[in-house]
Amino acid sequence: MVAINIDRFVKRYGALEVVHDISFDIEEGEFLVLVGPSGCGKSTILRMVAGLEEISGGELRMQGVRVNELSPKERQVAMVFQDYALYPHMSVEQNIGFSLELARVPKAEREAQVKRVADILQIGHLLERRPRELSGGQRQRVAIGRAMVRKPQLFLFDEPLSNLDAKLRAEMRGQIKRLHQTLKTTSMYVTHDQLEAMTLADRIICLFDGHIAQMGTPHDLFDRPANVFVAEFIGSPTMNIVPITASKAEGRTVLTLAGGGEVSLPDGTALPSLTNDGNVLAGIRPEHLSDTPTPGATARIEGVIDMLEPLGSDILVTMQVGGATLTARCTDKGQFQAGQNLTLHFDPARLHLFDSKTQMRLG
Amino acid sequence: MTDAASIVLPNMAARRVAGTVRAIVRTLLFVLIIVWSAFPILYVVLSSFKQQKEIFKYPPDIIFTPTFEHYMALATKWTGFFPTMANSLIVAVGATLLACAASILSGFVYSRYANRFLAGSVLYLIAIRLLPPIVVTLPLFPVVDALKLSDTHIVLIVLYATFWVSLCTMIMKTFIDKIPRTLDEAAVVDGATTMQTLFRVIMPLALQGVAACAIFVFVFSWNEYLFALIFTTQHAKTAPLIISEVMDAVSGTNWGVLFAGVTVQLLPVTLLVMLAQRFLIAGLTAGSVKG
Ligand SMILES: Nc1ncnc2c1ncn2[C@@H]1O[C@H](COP(=O)(O)OP(=O)(O)OP(=O)(O)O)[C@@H](O)[C@H]1O
Ligand SMILES: [Mg+2]
């Protein structure tokens, strides 16, 4: 069942339009992540849904009812802010209970509710403290508690983890995921971190400059990026994308790199119909390049190792090939050395081709 | 290693000497300022406990037998003084409350909303303060008379508050500007009305500003002379008027009584400033938002 309809959203600041005609739905209980680079309009869309920012054009419907004119409270949304926005002069208990107090919930019930939330988030022992006496992770939990206590229709998160260090971020990410599995509240989550998007989302909307670049499950975006922007944005390390020329020679397809290097494709590889006389962009993810041939028909590419970045069990191998640079993620058995020749293998099915002009996916 | 040390050491020593000299100069300046500003107050307070003939003795005695005769005289001969102090208190408290209430509201509006009218009115707020008070006072006289507000507490309360509301608005705006807007937004999402946001979230965090405003308005209203002289005669007369009467008495200035009056007059403001200091020091916003 659809809980939220975002119908042709437009946001203008004076003459400047920053969100251009964006539409999508959020299913009941779904965890939707808006991801994209800084300034692409993620927060703006979230704040329009929250009721903190006026909707310049389009309609917001919740359970089928237009709510453009309603206040955040009437929309029954709760929000977790990037900078936490805890009330510094109130204790943790008062911070979490503030919305209930405003709604005139009797004191005893308020305390019970605050305690319930605090127990879930494991901050029960901090209730008397002020925000300044808490660590970053604890503040973040209080901020989530404050949103949870109201049992909202919709949870909104605006980069809630970006102020935390890497370890804590991973931990809180797990907490949020577990929380959503327990509460199943419809959620909309904004981040510029693709890893956060991949791990948390039921569905991802990737934004670019106020437009939707792609919408789909994490797998959709990872396996079939709709354009070069999404291909490069999702996945780490970034997908290798190089300009190539595809040509047929003796019935076989040959991909020629701009600097002269060649990729030999196994017989019978079917490529999508190409544009611009075969001058296209080819993309392959580092983890899909391997230094050992896998069984079956694999494509090959030869070059010279340029740089090595060990990651522990894996190693990032950067290779120069015909003027292009490719990065591969391989298992590290100490077999690599800079300056060595190297042949990388990949499954042609993992190859992504994009139109060099429109940057859109081919096939 | 030794080379490096021999280069570094004299440098360090010189720096240490320079640091000590700076510290001494700073302390001396500090003492000078304290003496400079505390001397008149100390002189007045001590003199109020001296015999009339000792007051102008040169060099002045630091140690003497205190007398309360001037305070007795103040209470018995200048019977107006203590009742007018009550008036002063009513007027000063009233003006402080009114000015602070108005400035909190207007400071919030100037901080959180923006449009052409507001931008223009800032200039007007400041400009009106530039006029000498007397220019505003005289045309007000017939108005106050017509409203039958002459010689009432209300006229002084309103005048003093009005006189300060512009500056206090700017003070409150500055303080509220420093409170992150996400706190307002969090309150709105939590279901607060604008007034609830202002009084439950913004104001508690801007108490320093409120304290600063309160001190300005209170001290001004407590000591103000010109408006009080023009607009009050009897019923709402304030203490500074009596002090000036002591000074201008036909029998000549009774300095002992004058100093006693001034000392009493100093007490409430001193107390208020000490009380308000608590708010002025505490940095309440720490830890609310990160970065
Ligand atoms: N009040 C405003 N007036 C004018 N332009 C604005 C205003 N607020 C935001 N913008 C513009 O709208 C665009 C989208 O801003 P938004 O805050 O939604 O970006 P974002 O995707 O959340 O970025 P970030 O990851 O940095 O938070 C930006 O280009 C920004 O400059
Ligand atoms: Mg943002």
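The values are calculated or read from the model by the stated rules, or taken from the named source; none is laboratory data. Worth saying up front: this structure is predicted, and the values here are computed from it rather than measured. When we count neighbours, we look across all protein chains shown, and the Cβ atoms used for this are built from the backbone with ideal geometry, even at glycine. Areas reflect the complete protein model, heavy atoms only, side chains present, ligands, DNA and RNA absent. Shrake-Rupley method; radii C 1.70, N 1.55, O 1.52, S 1.80 Å.
Remarks
- Verdict on A:SER247 being of a type in the set (S, T, N, Q), in contact with a strand residue (DSSP E or B) (Cβ under 7 Å, 6 or more places away or on another chain) and either in contact (Cβ under 8 Å) with a residue 24 or more places away in the chain or surrounded by fewer than 11 Cβ atoms within 10 Å (Cβ to Cβ) (or both): yes
- Single condition A:GLU101 does not satisfy, out of (1) over 20 Å from the mean Cα position of the chain (by Cα); (2) over 25 Å from A:GLN138 (Cα atoms); (3) more than 16 Å from ligand 2 (Cβ to nearest atom): (2)
- Residues that are more than 10 Å from every other protein chain (Cβ to nearest Cβ) and open to solvent by 10 Å² or more (accessible area, probe 1.4 Å), drawn from region B:184-202: B:THR194, B:MET195, B:PHE199
- Of the residues making up region A:4-61, those that are within 14 Å of chain B (Cβ to nearest Cβ), on the phi > 0 side of the Ramachandran plot and either more than 14 Å from ligand 1 (Cβ to nearest atom) or in contact (Cβ under 8 Å) with a residue 12 or more places away in the chain (or both) number 1.
- Test: residue in region A:67-75 that is out of contact with any Lys or Arg (no Cβ under 7 Å at 6 or more places or on another chain), touching a residue at least 40 places away in the same chain (Cβ under 8 Å) and either within 10 Å of another protein chain (Cβ to nearest Cβ) or part of a strand (DSSP E or B) (or both): yes
- Among the residues of region B:123-156, those that are among the β-branched types (Val, Ile, Thr) and open to solvent by less than 50 Å² (accessible area, probe 1.4 Å) comprise B:THR137, B:VAL144, B:THR152, B:VAL155.
- Among the residues of region A:191-213, those that are closer than 20 Å to A:VAL2 by Cβ and within 16 Å of ligand 1 (Cβ to nearest atom) comprise A:ILE204, A:ILE205, A:ILE212.
- Enumeration of residues in region A:90-108 that are touching a residue at least 24 places away in the same chain (Cβ under 8 Å) and either surrounded by 20 or more Cβ atoms within 10 Å (Cβ to Cβ) or more than 10 Å from chain B (Cβ to nearest Cβ) (or both): A:SER91, A:VAL92, A:GLU93, A:ASN95, A:ILE96, A:GLY97, A:PHE98, A:SER99, A:LEU100
- Of all the criteria given as (1) in contact with a Lys or Arg (Cβ under 7 Å, 6 or more places away or on another chain); (2) free of Cβ contacts under 8 Å to residues at least 40 places away in the same chain, the one not satisfied by B:MET72 is (1).
- A:ARG178 vs. criteria open to solvent by 60 Å² or more (accessible area, probe 1.4 Å) and either within 16 Å of ligand 1 (Cβ to nearest atom) or polar (S, T, N, Q) (or both): no
- Those residues of region A:198-214 which are more than 16 Å from ligand 2 (Cβ to nearest atom) and surrounded by fewer than 17 Cβ atoms within 10 Å (Cβ to Cβ), in sequence order: A:THR199, A:ASP202, A:HIS211
- Residue match in region A:136-149 (condition: more than 16 Å from ligand 1 (Cβ to nearest atom), assigned to a loop (DSSP other than H, G, I, E, B) and facing chain B (nearest Cβ under 8 Å)): no
- One residue from B:ALA119, B:ALA114 being part of a helix (DSSP H, G or I) and of a type outside the set (Phe, Trp, Tyr): B:ALA119
- Residue within region A:25-46 that is open to solvent by 10 Å² or more (accessible area, probe 1.4 Å) and assigned to a strand (DSSP E or B) present: yes
- Scanning region B:203-217 for residues that are crowded, with 23+ Cβ neighbours inside 10 Å and over 15 Å from the mean Cα position of the chain (by Cα) gives a single hit, B:ALA206.
- Any pair with Cβ under 6 angstrom, 6 or more apart, that starts in region A:264-290 at a residue that is on the phi < 0 side of the Ramachandran plot and ends at one that is hydrophobic (A, V, I, L, M, F, W, C) and at pLDDT below 80: A:PRO266/A:ALA297
- Residue match in region A:147-155 (condition: within 16 Å of ligand 2 (Cβ to nearest atom) and surrounded by 16 or more Cβ atoms within 10 Å (Cβ to Cβ)): no
- Breaking point among (1) within 12 Å of another protein chain (Cβ to nearest Cβ); (2) assigned to a helix (DSSP H, G or I), for A:ASP119: (1)
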